[in-house]
Amino acid sequence: MRIVVQRTKEASVIVNNEIVGKIDKGYVLLVAFTHTDTLDDVEYCARKVSNLRVFEDANQKMNLSIYDVGGSILSISQFTLYGDVSKGNRPSFIESARPEQAIELYETFNDILRKKYNLHVETGIFGADMKVVLINDGPVTIIIDSHNR
């Protein structure tokens, strides 16, 4: 499982010219799965996201969590994170999980963030053509990969 975490001041996702998810301060998560991912990968990544300390404290040190700043999450499915361009210029997505596996893991991931970690999570629509609008704060961008523990 691979996640790109972007600290944001505000973000939204648009499908068919309609806003389907919107947050203020928090994280935009671009979330992808590979075919070997399991519930263990999902739980690991949910724990890492919820415990990240990338918001600045009074001394301008990245020391505060999403809880400390009252932040929310906008979670977007993004199979292209497993795009491989090592051979040629056209990405191969052979390492991306099949949609039927990925949607189940994606929904489980968001449910864990909501129920276990008590976070407000907005989402896009799995598999849809989405337009993501965000103000990346910092910019701060972190990559979490459950296969690089």
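Derivation of every value follows stated rules applied to the coordinates shown; laboratory data play no part. As the structure is a prediction and not an experimental result, all values here were calculated from the model. Positions of Cβ are generated from backbone atoms using ideal geometry, with glycine treated the same way; all protein chains shown enter the neighbour counts.
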Can you tell me the FRET efficiency between residue 63 and residue 116 if r is taken as the Cβ-Cβ distance and R0 is 35 Å, rounded to the nearest 0.05?
-> 0.90
Can you give me the relative contact order of the chain as a percent, contacts being Cα pairs under 8 Å and 6 or more apart?
-> 38
State the Cα centre-to-centre distance between the stretch 14-45 and the stretch 104-147 in whole Å.
-> 3
Helix 39-51 vs. the chain, principal-axis angle (Cα, 0 to 90°, nearest 10) | 30
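Treat every Asp and Glu Cβ in the stretch 25-131 as -1 and every Lys and Arg Cβ as +1, leave all other atoms uncharged, and give the resulting dipole magnitude about the Cα centre to the nearest 20 debye.
On the way: 12 positive and 15 negative charges, 59 e Å.
Magnitude of the dipole: close to 280 debye.
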By average Cβ neighbour count within 10 Å, what is the ranking of 26-38, 7-19 from highest down?
-> 26-38, 7-19
Ellipticity estimate at 222 nm from DSSP helix runs (n ≥ 4, -39,500 (n - 2.57)) divided over the chain, nearest 500 = -6500 deg cm²/dmol
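Residue 86 to residue 43: FRET efficiency via 1/(1 + (r/R0)^6), r the Cβ-Cβ distance, R0 30 Å, to the nearest 0.05?
Details: r = 30 Å, r/R0 = 0.99.
Step by step, r from the Cβ atoms, then E = 0.50.
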Simple spin-label model, 7 Å along Cα-to-Cβ: residue 129 to residue 108 in nm?
-> 3.2
Lys pairs, the chain - Cα-Cα below 23 angstrom, 8 or more residues apart or on other chains = 17
By average C-beta atoms within 10 angstrom, highest first, the peptides 99-106, 60-67 = 99-106, 60-67
Relative to the first principal axis of the alpha-carbon coordinates of the chain, what is the inclination of helix 99-115, with its axis defined by its Cα atoms, in degrees from 0 to 90 and to the nearest 10?
-> 20
